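See below for the structure under consideration.
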Amino acid sequence: MDTEDPENKSISWVQRFEEAFAAKVGASYAIAVNSGTSGLHAALYAAGVGPGDEVIQPAMTVVMDSYATIHLGGVPVFADIVPETQHIDPADIVRKITPRTKAILTVSWQGLPVDLDPILEIAREHGLVVVDDSAQTMMGRYKGKISGANAHIGVYSFENKKHLTTGSEGGMIVTSDPELATRARKFAGIGYKHMTSTAGRTHLALSAVQDPSYERFDTIGLNYRMNAVSAAIGLAQLERVDHIVARRQACGRLFLEAIAGCSWMVPQRVATEIEHSFYTFAVDYRGEAERGVKWKDFYHRYLDLGGDGFYGCVVTPYLEPALRGREFGGRRMERGLCPKAEALQLRVMQFKTNYRDLGLARQKAEILSRLIDEIGR
Ligand SMILES: Cc1ncc(COP(=O)(O)O)c(C=O)c1O
């Protein structure tokens, strides 16, 4: 809630950013928050997740998706992935549905939008809410729609490394459902009674609020609101977002060319109706099995030739020390829950795509190509 003063007609930076963001992604409502993690928490709250409720989520993602579930008293239920896309497997979602399932949390991973229609259909059949974690997939497109805005609720992150940043931390929740928007906004806005789907303002007469009997809060929430400075930075970034995303995509294409014809570096499969926004250039590295070159040896050889350091994939959430060995809703977090994700996690290589200078990106891609030739394409 920006103010309870109805005389204050200025549109805040947060409101401007929210309105511009909603318009950009094609959602009716946008709610600015202070991180992607808090956005996930508020989105799952809005979806109605409460104690004992199960949230089906992919085994290849960051642990913050699990945190959001667990902080609501919910149970993260992991579905295995389709290795070719690195995304949640709809067939495994169906296998994991129980009477306690409340929501499906998909993750548009590495910049690649999830093939959402089959998942929305499963959700419709079972009366579930679909939340898409599009933290890594700003402006990825799915059948012409923007990733995140095509789910019941979508969540983005604006921390430093993301396509769009609000300085260092930030996030956005989007939805076209007014009830979900109101619930998310109230939860993220310390539970102010008069918050609505569109804004924090009350438009109440001063005589109503300047009264000791005026009750302000009707929801047990948290203060997850974005600050004005972050929103102003986000708004400026949003004006350039097409350029920022296009540059990452250009880097992605350079790396795709570099690995062309190599059987043991397999990029994510991109269906024709999907546009990858290349948060990273992520490949399934099979060089150890096919050429006898270990992941870490490849890493060092690439660096020695002048390449940049690249990342491995995050550890499967239930194997992170924060969760490993613990039980939620009678489900033990242990190795073997999702074998495909566990195996692929060890092979993935994530090359950076945030080069400002495409000439430099080309140079790195050429080095990668040279190394692949050295090993034997
Ligand atoms: C897929 C995914 N989900 C959620 C998050 C959490 O976002 P934040 O770091 O803004 O809390 C991140 C980023 O770190 C992420 O990559």
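Every read-out reported here was derived from the displayed coordinates using simple, explicitly stated rules and does not represent laboratory data. Everything quoted here is computed from the prediction, not taken from an experiment. Reconstructed Cβ throughout: ideal geometry from the backbone, glycine too, with neighbour counts over all protein chains shown.
Ranked by the mean number of other Cβ atoms within 10 Å per residue, highest first, peptides 325-333, 73-81 order as 73-81, 325-333. Here the peptides 270-281, 150-161 are ranked by packing, the mean other Cβ count within 10 Å, and the order with the highest first is 150-161, 270-281.
Calculation over all alpha carbon pairs of the chain in 20 angstrom steps from 0 returns a P(r) of 29, 54, 16, 1 percent. The long axis of helix 117-126 is offset from the longest Cα principal axis of the chain by roughly 50 degrees. Is the C-alpha gyration tensor of segment 143-203 telling us rounded, prolate or oblate? Criteria: a/c under 1.5 is rounded; beyond that, a/b larger than b/c is prolate, otherwise oblate. It is oblate, given that a/c is not under 1.5 and a/b is not larger than b/c.
Karplus-based coupling profile of segment 135-140, in residue order and whole Hz: 3, 9, 10, 4, 6, x, with θ = phi - 60° in 6.51 cos²θ - 1.76 cosθ + 1.60 and x standing for Gly or Pro. Each Lys and Arg contributes +1 and each Asp and Glu -1, all at the Cβ; summed about the Cα centre of the chain, the dipole is approximately 560 debye.
Amide H to amide H, with H built 1.01 Å from N, Gly189 comes under 5 Å of Leu222, Tyr224, counting only residues 5 or more places away or on other chains.
On average over all directions, what projected area in square nanometres does segment 242-375 have, based on the convex hull of its Cα atoms? Average of the hull's projected areas for segment 242-375 equals 10.3 nm². Applying the Karplus relation 6.51 cos²θ - 1.76 cosθ + 1.60 with θ = phi - 60° to segment 242-259 yields 3J(HN,Hα) values of 5, 5, 4, 5, 4, 5, 5, 5, 5, 4, x, 5, 4, 6, 4, 4, 5, 9 Hz, where x marks Gly and Pro. Straight-distance candidates among the lysines for linking to Lys193, with alpha-carbon spacing under 29 Å and chain neighbours fewer than 8 residues away dropped: Lys9, Lys24, Lys102. As a rough guide to protection, the peptides 303-315, 363-375 ranked by mean Cβ packing within 10 Å, highest first, stand as 363-375, 303-315.
Whole-Hz Karplus values for segment 59-74 come out as 7, 10, 5, 7, 6, 5, 4, 5, 3, 4, 5, 5, 5, 8, x, x Hz, taken residue by residue from phi with 6.51 cos²θ - 1.76 cosθ + 1.60 and θ = phi - 60°; glycine and proline positions read x.
Summarising the amide proton neighbourhood of Val77: residues at separation of 5 or more, or on other chains, whose placed amide H is nearer than 5 Å comprise Val55, Ile56, Gln57. Taking the longest Cα principal axis of the chain as reference, the axis of helix 295-304 is set at about 80 degrees.
Quick check: the angle from helix 13-25's long axis to the longest principal axis of the chain, C-alpha only, nearest 10 degrees? On a 0 to 90 degree scale, this one is about 50.
Pairs from the list Lys143/Lys296; Lys340/Lys364; Lys145/Lys352; Lys294/Lys340 with a Cα-Cα gap above 27 Å: Lys143/Lys296; Lys340/Lys364.
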